[in-house]
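Taking it in order: structure first as structure tokens, then the write-up.
Throughout, read-outs are computed from the coordinates displayed, never taken from laboratory work. Everything numeric in this text was worked out from a predicted model, so none of it was measured. Glycine also receives a Cβ, built like all others from the backbone with ideal geometry; neighbour counts cover every protein chain displayed.
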Amino acid sequence: MTEETKEFKSGRDALMNILEDVENARDRAEEEKNKTLAIITNFTDGLLFFDKEHFLVLFNPQAERFFNVVHKDVVGLSISALSEVSSLQSLIKILGPDYIKNISRKELTLKENLVLEVSTVSIIREKEEIGALVILHDITREKRIEKMKTEFVTIAAHQLRTPLSAIKWTLKMFLAGDLGKIGKEQEEFLRKTYQSNERMISLVNDLLNVTRIEEGRYVYKPTLVNFEDLVSSVIEFFKEKTKRKKLKIRFKKPKEKIPKIKIDAEKMQIAIQNLFDNAISYTPPGGEIIASLSHNKKEVKFSIKDNGIGISENQKKRIFNKFFRAPDAVKTRTEGSGLGLFIVKNIIEAHKGKVWFESEKDKGSEFSFSLPMRGLPLK
Ligand code: ADP
């Protein structure tokens with residue numbers, strides 16, 4: 001072999017090697033792509049991918065099954081064109097115009113037996129946003145179980161109500177002396193039993209209210225209400241309890257009379273009562289509670305401030321959650337359901353109002369809410 005042929009041969013071999021490497025790399029890339037596609041295709045969640053120009057570029061088979069649409073009919077369409085596709089309208093509506101920016105989690109009921117949790121995640125590659133992935137997770141089963149649990153609580157609570165009120169009336173008769181004279185010691189025991197029974201009744205009522213809220217059966221009946229009178233009646237209701245605990249209660253009334261507003265008086269009373277009940281329960285004897293009421297043209301604001309145990313920073317996020325009770329609160333008052341503030345939040349929000357609090361551990365708390373002056377529409 002001449003020197004030239006040798007050189008040519010080794011050059012060719014090197015080229016062949018490079019070609020082989022390229023081919024292998026391409027095969028590997030192809031394989032990776034197929035793997036990713038297989039994952040997307042077989043994924044149990046529905047997946048949609050929108051590019052940053054808001055065009056749909058991916059619609060996986062599970063999404064096809066959820067919406068009864070084939071991907072060929074929708075891939076390539078813009079989000080506004082998709083809102084014209086009847087079976088996708090509810091999804092596009094729930095995503096909203098800012099879906100790429102807003103990472104969110106929402107529920108979408110497609111049929112009675114199909115509830116989806118819709119989450120959006122914006123996808124970033126090399127610091128640049130390339131689009132948004134919409135994930136559709138089937139939560140029908142969880143919803144069904146949740147419904148069954150709620151129904152169970154409703155039935156159990158209803159069943160408890162009748163015997164509890166029978167006990168209440170019997171104890172009341174004993175205490176009033178209607179069933180014969182009772183001694184001091186007997187009276188003391190009966191009074192304690194009566195109070196325990198009252199606590200059980202209030203727990204059962206809380207449970208029933210929560211199930212009504214969750215099933216959308218908490219009906220609001222607005223009437224024109226004098227808000228100041230409503231607060232005064234709640235203070236009156238707790239007079240005995242605050243006296244027993246040696247708590248001072250002050251009510252800072254508004255300078256100007258508040259016009260009557262359209263609210264559900266009974267439900268608003270429950271909300272205010274729950275806030276007072278907490279302030280009383282979580283403030284040690286000798287403490288002070290200040291309720292204030294103010295208003296302007298747009299809204300009425302109520303707040304209740306105490307100098308009690310306060311709330312630790314790391315518990316604050318969960319305060320309005322159902323059944324949540326901070327460990328310090330459990331130590332201060334063993335009984336309590338953790339349902340009060342959940343009910344308050346729902347009542348205030350149903351009146352299109354806002355509720356919030358400020359608190360410092362060992363210093364005290366201030367819970368406030370505001371309601372729009374226009375109130376609820378009268379039926
Ligand atoms: P409950 O009072 O039955 O525990 P709530 O839903 O009314 O349930 O309140 C939830 C939790 O919020 C309480 O357990 C307590 O940890 C905290 N909390 C509410 N109000 C106050 C308050 N005024 N001071 C301190 N902690 C409070």
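What the table shows:
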read-out: Options Leu15, Val121, Met148, ranked by Cα towards positive dipole end of the chain, top entry (Cβ charges); value: Met148
read-out: Rg followed by Dmax, in Å, when the stretch 143-214 is reduced to its Cα trace; value: 16.3, 55
read-out: For the chain, built as a Gaussian network whose Cα springs stay under 10 Å, the top-fluctuating residue of Ser312, Ser86, Ser365; value: Ser86
read-out: Estimated dipole of the chain in Debye, rounded to 20 [Cβ of Lys and Arg +1, of Asp and Glu -1, Cα centre]; value: 3200 debye
read-out: Highest average packing first - 118-124, 270-276, Cβ atoms within 10 Å; value: 270-276, 118-124
read-out: C-alpha long axis of helix 265-281 to longest principal axis of the chain, angle in °; value: 90 degrees
read-out: Within the chain, longest stretch clear of exposed GluC sites (Glu not before Pro) (DSSP loop, no more than 13 other Cβ within 10 Å); value: 127-214
read-out: The chain: Cα Rg divided by the 2.2 N^0.38 Å rule of thumb; value: 1.51
read-out: Value of [θ]222 nm, deg cm²/dmol, for the chain, DSSP H segments ≥ 4, -39500 (n - 2.57) each, nearest 500; value: -15500 deg cm²/dmol
read-out: Positive-end residue, the chain charge dipole about Cα centroid, Cβ charges, pick of Ile135, Leu95, Ile270; value: Ile270
read-out: The chain, relative contact order in percent, only Cα pairs under 8 angstrom and at least six apart counted; value: 10 percent
read-out: Dipole magnitude of the stretch 43-138 about its Cα centre (Cβ charges: Lys, Arg +1; Asp, Glu -1), debye to nearest 20; value: 60 debye
read-out: Filter on Lys106/Lys322; Lys255/Lys297; Lys221/Lys252; Lys255/Lys298; Lys305/Lys331; Lys143/Lys331 - keep pairs with C-alpha separation over 24 Å; value: Lys221/Lys252; Lys143/Lys331
read-out: Which of Ser233, Phe59, Gly180, positive extreme of dipole for the chain (C-beta unit charges); value: Gly180
read-out: Nearest 10 degrees, 0 to 90: helix 340-350 Cα axis against the chain principal axis; value: 70 degrees
read-out: Computed over the stretch 1-127: relative contact order in percent, which uses C-alpha pairs under 8 Å that are six or more apart; value: 12 percent
read-out: Coordinate range along principal axes, alpha carbons of the stretch 1-146, Å, largest first; value: 83, 31, 28
read-out: Separation of alpha-carbon centers, the stretch 249-301 and the stretch 38-84, rounded to whole Å; value: 51 Å
read-out: Share, in percent, of DSSP beta bridges within the chain that are antiparallel, nearest 5; value: 90 percent
read-out: Karplus (6.51, -1.76, 1.60) ³J(HN,Hα), θ = phi - 60°, over the stretch 175-192, in Hz, Gly and Pro reported as x; value: 5, 7, x, 5, 10, x, 5, 10, x, 4, 5, 4, 4, 4, 5, 5, 5, 5
